[in-house]
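Chemist: Mind having a look at this structure? Questions to follow.
A short reminder: the numbers here are calculations on the coordinates, not readings from a lab. It should be emphasised that the depicted structure is a prediction, and the values quoted were computed from it without experimental measurement. Heads up, the Cβs are rebuilt from the backbone with ideal geometry, glycines too, and the neighbour counts pull from every protein chain shown.
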Amino acid sequence: MLKKQAVPALLLLLASACIPNTALDRGAIRSAIEASVSVEGAPITIKRIVISGDYALGIFDQGGQQNDILLARRGRRWSMMLCATAPIRDRGELLRAGVPWFAAEMLAKQVAEPE
Amino acid sequence: MAVIEPKMVAAAGPTRRARVIVFGLVAILLLGLGVLIAMSAYRDDGGAVQGSGPGGAFTLTDPAGRTVTDQTLRGKPYAIFFGFTRCPDVCPTTLSRMTQLRKQMGAQGMKYNIVFVSVDPGHDKPADIGNYLTLFGTPIIGLTGTDAQIAQITKAYGVYFRQVPVEGGDYTIDHMAGIMLFDRNGRFAEMMDGTEPIAVSLTRLRKLISA
């Protein structure tokens, strides 16, 4: 009986290692955005975060100005690739900024959809 | 010729199945471990694959009007950053950070060059870059060039930048924020993040100068 349960349990454990935890990612991305662009006297309000694999696109407001921020996962950290005063939400701009094709496609698609 | 008794087949069945299951699990485990090891090696490089990273030939001008090429920089590792002198946030923050890192490294801090390339050749003339970089209190190689030269280096280094009009007919420039590290042979080593913990950056730089 124990053996029968052990095999699926082991398979589930292995499979779970492959499932990304977007809640953890969102928290880490939020912290990375704040560390990168929030300064004393100019706080930011993060409006939206979309993620595709090792790339994330954030939209934030700072002093009434809306900005886009592109982040990449490097090791265990998320780090800023680019902070843009003009939107970089279409696939072409994301590709030009160095985001791989699939992630660019997914980020552009997600950000175009209503929340 | 050996004759297999039906009893023997029945006895061997479950054992063989168990072996297949164990073999399958071990194979999955090894495959998973292999993927994890490959991913960690990939990620330790800051997301870049060795040998296929950015970099290449360029010709630019320093604040004294001298020509600087990729060959000029050979022989000493360098940390290169692309920005513009009127940048309100990312550039001064990053250059201050690089100055701080160099100071913390003591004598080792002079074993690599810090290079700043302006992506605003229309505004940043060589002398402007020289004046701007004196604000940071450490030797930084400032470079600029013609529009074509800047287009060439930014393409070779995979650097995104875009002029964005602002009110009053002026413009700002959106640009990449990462710092690229190159070894003494001009080969791309890894990316450095201006907001990562100081200790992580110091480790990267020590590794770079000892390579």
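Chemist: Normalised by the residues of chain A, what does the relative contact order come to in percent, with Cα pairs under 8 Å and at least six apart?
Modeler: On the way: 137 pairs, mean separation 19.4, N = 115.
RCO, chain A: 17 percent.
Chemist: Please list, in order along the stretch A:83-98, the HN-Hα scalar couplings obtained from phi with the Karplus expression 6.51 cos²θ - 1.76 cosθ + 1.60 (θ = phi - 60°), rounded to whole Hz, x for Gly and Pro.
Modeler: So the Karplus estimates, Gly and Pro as x, are 10, 10, 7, 9, x, 10, 8, 9, 4, x, 5, 5, 5, 5, 7, x Hz.
Chemist: Could you tell me whether the stretch A:21-112 comes out rounded, prolate or oblate from its Cα gyration tensor? Rule is a ≥ b ≥ c as square roots of the eigenvalues, rounded for a/c under 1.5, then prolate if a/b exceeds b/c, otherwise oblate.
Modeler: On the way: a/c = 1.81, a/b = 1.27, b/c = 1.43.
Oblate.
Chemist: Give me a single rounded figure for A:68-80: the average over its residues of other chain Cβ atoms within 10 Å of their Cβ.
Modeler: Mean shielding count: 5.
Chemist: What does the helix-only formula give at 222 nm for chain A: each DSSP H stretch with n ≥ 4 adding -39500 (n - 2.57), the total divided by the residues, and the result rounded to the nearest 500 deg cm²/dmol? Present the calculation step by step, with values, prior to reporting the outcome.
Modeler: On the way: 4 runs with 49 residues, N = 115.
Helix contribution divided over all residues of chain A: -13500 deg cm²/dmol.
Chemist: Considering every residue in B:161-173, what mean count of other chain Cβ atoms within 10 Å of its Cβ is obtained? Numbers along the way, then the final one.
Modeler: Working: counts 3, 8, 1, 4, 2, 3, 0, 0, 0, 0, 1, 3, 2.
So the per-residue partner count for this stretch is 2.
Chemist: Could you name the aspartates and glutamates whose alpha carbon sits less than 13 Å from that of residue B:111, not counting residues in the same chain fewer than 8 places away?
Modeler: Filter leaves B:183.
Chemist: Rank by packing, highest mean first: peptides B:169-178, A:63-72, with packing defined as the count of other Cβ atoms within 10 Å averaged across residues.
Modeler: B:169-178, A:63-72
Chemist: Then there's this: For the stretch B:71-149, compute the orientation-averaged projected area of the C-alpha convex hull (one quarter of its surface), in nm².
Modeler: Details: hull surface 21.2 nm².
Spelled out: convex hull of the Cα atoms, projected over all directions, averaged, 5.3 nm².
Chemist: In peptide B:16-29, what is the residue-averaged number of other protein chain Cβ atoms found within 10 Å of each Cβ? Walk me through the intermediate numbers first.
Modeler: Numbers: counts 0, 0, 1, 0, 0, 2, 1, 0, 2, 5, 0, 0, 4, 2.
Rounded to a whole number, the mean comes out at 1.
Chemist: Still on this model: Of the DSSP beta bridges with both residues in the stretch B:59-210, give the percent that are antiparallel, rounding to the nearest 5. Can you show the working numbers first?
Modeler: Details: 16 of 25 bridges.
Antiparallel bridges: around 65 percent, rounded to the nearest 5.
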